[in-house]
1. Residues that are touching a helix residue (DSSP H, G or I) at 6+ places or on another chain (Cβ under 8 Å), free of Cβ contacts under 8 Å to residues at least 60 places away in the same chain and exposed (fewer than 14 other Cβ atoms within 10 Å of the Cβ): does segment 281-296 have at least one?
2. Report yes if some residue within segment 141-153 is in contact with a helix residue (DSSP H, G or I) (Cβ under 7 Å, 6 or more places away or on another chain), over 20 Å from residue 60 (Cβ atoms) and not in a loop (DSSP other than H, G, I, E, B); otherwise report no.
3. Of all residues in segment 223-237, which are farther than 18 Å from residue 127 by Cα and free of Cβ contacts under 8 Å to residues at least 60 places away in the same chain?
4. Within segment 142-165, identify whether any single residue is in contact with a strand residue (DSSP E or B) (Cβ under 7 Å, 6 or more places away or on another chain) and closer than 22 Å to residue 183 by Cβ, and answer yes or no.
5. Just name the residue that is farthest from residue 232 (Cα to Cα) out of those in segment 75-93 that are touching a helix residue (DSSP H, G or I) at 6+ places or on another chain (Cβ under 6 Å) and surrounded by fewer than 22 Cβ atoms within 10 Å (Cβ to Cβ).
6. Taking segment 112-142 on its own, how many of its residues are in contact (Cβ under 8 Å) with a residue 24 or more places away in the chain and more than 15 Å from the chain's Cα centre (by Cα)?
7. Taking the residues in segment 267-280 that are surrounded by fewer than 16 Cβ atoms within 10 Å (Cβ to Cβ) and either under 21 Å from residue 195 (Cα atoms) or touching a residue at least 12 places away in the same chain (Cβ under 8 Å) (or both) as candidates, determine which candidate is nearest to the chain's Cα centre (by Cα).
């Protein structure tokens, strides 16, 4: 079985994101948006679905079948984050968004730089460059997120990026080039109905708690020894809410590649199915744990 190596020099994560499957209202329109806005490659397409990704892997499958756009009051996906390998690629995509008149929110999370856009159905997409070298530690989190940079300066983690400075790295770039082959699904952010049980559930399948901020309705988890952001969840609009209805544009299902045999051995509430173990997560979405380790 092919193992998707995490692109980091830090200790390997126990889990990494596999295929993400989304349901949309108008397949052709959504494919056109993903390809025109981001430059993602269409790997295959028919009347019911389209597989999108890089030259060697599918990152996202879009399915036809939704009858309504996103409504924020349901559990499900908050956003999907596509990770890019370097500053030049992030800046090139930012320049691409601007050149095409695509609404974008460039945000500085300190440990990462992010570009937020929404597809025609209101499904949110984040393009992210991880910058752990800029982050030192968390501060007093009693009133929200406080982060300290490597030079000791406090940050909110939600500041606007300096667009002018970012675009310097895109000078002379081919804005129409396809998305880098180094792109991966870096993390997912979910809307859940009850924060603490959701964090505990994901810890039970191998994620590691970085932050739990009940007063702010937010949790952040890594997937291994580092503090790298791999999963977030919030209850900002979904507290006590049902899962997204079947006819809505939404996250249908996703796979997690498991790089530790102990996670498979200890997975509770999962049933064998296809190439892995299947359950429904706290966001109301089907998740499959797929073994991606080499037996000793």
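1. Scanning segment 281-296, I find at least one residue that is touching a helix residue (DSSP H, G or I) at 6+ places or on another chain (Cβ under 8 Å), free of Cβ contacts under 8 Å to residues at least 60 places away in the same chain and exposed (fewer than 14 other Cβ atoms within 10 Å of the Cβ), so the answer is yes.
2. Yes, segment 141-153 contains at least one residue that is in contact with a helix residue (DSSP H, G or I) (Cβ under 7 Å, 6 or more places away or on another chain), over 20 Å from residue 60 (Cβ atoms) and not in a loop (DSSP other than H, G, I, E, B).
3. Across segment 223-237, the qualifying residues are 235, 236.
4. Yes; the residues of segment 142-165 include at least one that is in contact with a strand residue (DSSP E or B) (Cβ under 7 Å, 6 or more places away or on another chain) and closer than 22 Å to residue 183 by Cβ.
5. Of everything passing the filter in segment 75-93, 88 is farthest from residue 232 (Cα to Cα).
6. The qualifying residues number 9.
7. Of everything passing the filter in segment 267-280, 280 is nearest to the chain's Cα centre (by Cα).
Here's the yes/no breakdown for (1) surrounded by fewer than 20 Cβ atoms within 10 Å (Cβ to Cβ); (2) within 16 Å of residue 94 (Cβ to Cβ):
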site: 117; (1), (2): yes, yes
site: 147; (1), (2): no, no
site: 158; (1), (2): yes, no
site: 163; (1), (2): yes, yes
site: 167; (1), (2): yes, yes
site: 171; (1), (2): yes, yes
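The values are calculated or read from the model by the stated rules, or taken from the named source; none is laboratory data. These numbers were taken from a predicted model, which means no experiment stands behind them. Note that we place each Cβ from the backbone using ideal geometry, even for glycine, and neighbour counts take in every protein chain shown.
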